[in-house]
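First comes the structure, then the notes that go with it.
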Amino acid sequence: MQAPHEDTLQSVLNDAQDVQWAALHGAYGASDATDHYRDVPRMLLALATLDDMDSATWGDAYDDFFLSHLWHQFTIYPVTAVATGLLIRIASLRSPTAVEPATQIALGLRLVAETTAIFRKHTESAKRDLGELTAAIFIAHRDYAISWLSRPLEEHAYAIGRWIPEMSIDPTFQPPR
């Protein structure tokens with residue numbers, strides 16, 4: 001994985017193309033592009049490039065994909081863990097120039113982090129394992145979340161850090177400048 005300051009949106013989108021999405025299930029089944037909101041690379045492309053949050057394409061990507069297929073009613077899925085790292089990178093890379101879309105993505109990631117924390121404590125081992133896997137993705141992308149501390153995404157970084165305490169993001173932490 002690249003350091004946040006070396007990453008690009010094109011790298012994120014290229015990484016998304018390398019994933020075998022059809023093998024990963026979400027709320028509505030396989031992420032196999034049989035429906036537009038299950039076309040993960042296309043939905044990530046929209047979140048990575050569109051600024052018009054009122055457009056139908058943004059709505060499909062955020063509401064139908066992110067808040068329905070990827071995370072749905074406080075449930076996470078195998079597709080969630082993989083997509084989470086890509087979404088953290090997208091929010092980080094968009095935040096300097098496209099604050100509103102980046103903030104919306106970060107808000108969705110807060111929901112994923114909260115649900116991840118709940119799944120980590122679940123009595124059902126499959127859910128607990130999925131929670132641990134998703135938490136590991138958040139932790140692996142800690143440096144991206146740290147970069148949010150000097151940006152409008154700061155409150156989201158702190159919230160995610162409260163749900164995933166291993167990220168060690170707290171209000172007393174001062175990011176390097």
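If you go through the stretch 149-166 and keep only what is modelled with pLDDT under 90 and not in a loop (DSSP other than H, G, I, E, B), you end up with Leu149, Ser150.
So that you can scan it fast, the table gives a plain yes or no per residue for (1) in a loop (DSSP other than H, G, I, E, B); (2) surrounded by fewer than 18 Cβ atoms within 10 Å (Cβ to Cβ); (3) among the polar types (S, T, N, Q); (4) in contact (Cβ under 8 Å) with a residue 40 or more places away in the chain:
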{"site": "Thr80", "(1), (2), (3), (4)": "no, no, yes, yes"}
{"site": "Pro96", "(1), (2), (3), (4)": "yes, yes, no, yes"}
{"site": "Gly108", "(1), (2), (3), (4)": "no, no, no, yes"}
{"site": "Thr115", "(1), (2), (3), (4)": "no, no, yes, yes"}
{"site": "Ala135", "(1), (2), (3), (4)": "no, no, no, no"}
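I'd like to know if the stretch 67-76 contains one or more residues that are more than 23 Å from Arg142 (Cα to Cα) and part of a helix (DSSP H, G or I). The answer is yes, given that some residue of the stretch 67-76 is more than 23 Å from Arg142 (Cα to Cα) and part of a helix (DSSP H, G or I). Looking only at the stretch 35-61, which residues are of a type outside the set (Asp, Glu) and farther than 24 Å from Ala23 by Cβ? Matches in the stretch 35-61: Thr49, Leu50, Met53, Ser55, Ala56, Thr57, Trp58, Gly59.
The values are calculated or read from the model by the stated rules, or taken from the named source; none is laboratory data. Here the structure is a predicted model, which means the values were calculated and not measured. As a convention, Cβ positions derive from the backbone with ideal geometry for all residues, glycine included, and neighbour counts pool all protein chains shown.
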